[in-house]
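To start, the structure under review is shown below, and the notes come after it.
The values are calculated or read from the model by the stated rules, or taken from the named source; none is laboratory data. Model, not experiment: these values are computed from the prediction. Virtual Cβ from ideal backbone geometry, glycine too; neighbours counted across all protein chains shown. Accessible surface areas use protein heavy atoms only, side chains included; no ligands, DNA or RNA. Shrake-Rupley method; radii C 1.70, N 1.55, O 1.52, S 1.80 Å.
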Amino acid sequence: MTETPTLRVLTIDDSRTMQSMLRNALEGAGYEVIQGNDGVEGIEVLEAATPAPAVIITDINMPRLDGFGVIEAVRKMDRFRHLPVIVLTTESDQEKKARARAAGATGWIIKPFNSDSLVSAIRRVTQ
């Protein structure tokens with residue numbers, strides 16, 4: 001049986017508690033986790049990441065650059081244009097979901113998240 005390479009996930013959230021919860025859930029599922037504390041730092045981490053992450057999980061409400069800005073920035077970068085971006089947020093507003101989809105979001109998960117659902121969503125978008 002050949003070993004599958006460990007997928008890398010970039011999480012972007014300004015909440016240290018949420019970062020810790022995401023790290024625990026994702027590392028527990030076998031993913032390598034890299035993190036950004038807001039949108040600006042998240043984009044910096046993405047650009048410096050070698051190897052690149054297989055998926056990005058971003059909050060919407062953050063200082064400096066919000067999740068919509070993150071999605072738009074990622075979609076403008078040739079290297080990452082097709083990278084799946086999952087929004088993980090407390091927001092459930094249909095207008096915000098539509099705006100995220102229009103910007104290029106791949107999926108939308110409402111906080112608080114269920115670890116199994118999050119891992120399942122990551123598997124779906126990285127197949």
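In region 12-38, the residues that are charged (D, E, K, R) reach residues that are surrounded by fewer than 17 Cβ atoms within 10 Å (Cβ to Cβ) and not in a strand (DSSP E or B) with C-beta atoms within less than 7 angstrom, at least six apart or across chains, in these pairs: ASP14/PRO63; GLU32/THR6; ASP38/PRO63; ASP38/ARG64. For the subset of region 91-105 comprising residues that are under 13 Å from the mean Cα position of the chain (by Cα) and without any contact (Cβ under 8 Å) to a residue 40 or more places away in the chain, which member is surrounded by the fewest Cβ atoms within 10 Å (Cβ to Cβ)? Here the answer is GLY104. Residues in region 99-127 that are more than 21 Å from MET21 (Cα to Cα), assigned to a loop (DSSP other than H, G, I, E, B) and of a type in the set (A, V, I, L, M, F, W, C): ALA105 alone. Of all residues in region 60-90, those being open to solvent by less than 50 Å² (accessible area, probe 1.4 Å) and polar (S, T, N, Q) number 1. None of THR4, THR11 is of a type in the set (Ser, Thr, Tyr) and either buried (at least 18 other Cβ atoms within 10 Å of the Cβ) or modelled with pLDDT of 95 or more (or both) except THR11. Among the residues making up region 20-55, those that are open to solvent by 10 Å² or more (accessible area, probe 1.4 Å), under 22 Å from SER117 (Cβ atoms), over 11 Å from the mean Cα position of the chain (by Cα) and not basic (Lys, Arg) are SER20, MET21, ASN24, ALA25, GLU27, GLY28, ALA29, GLY30, TYR31, GLU32.
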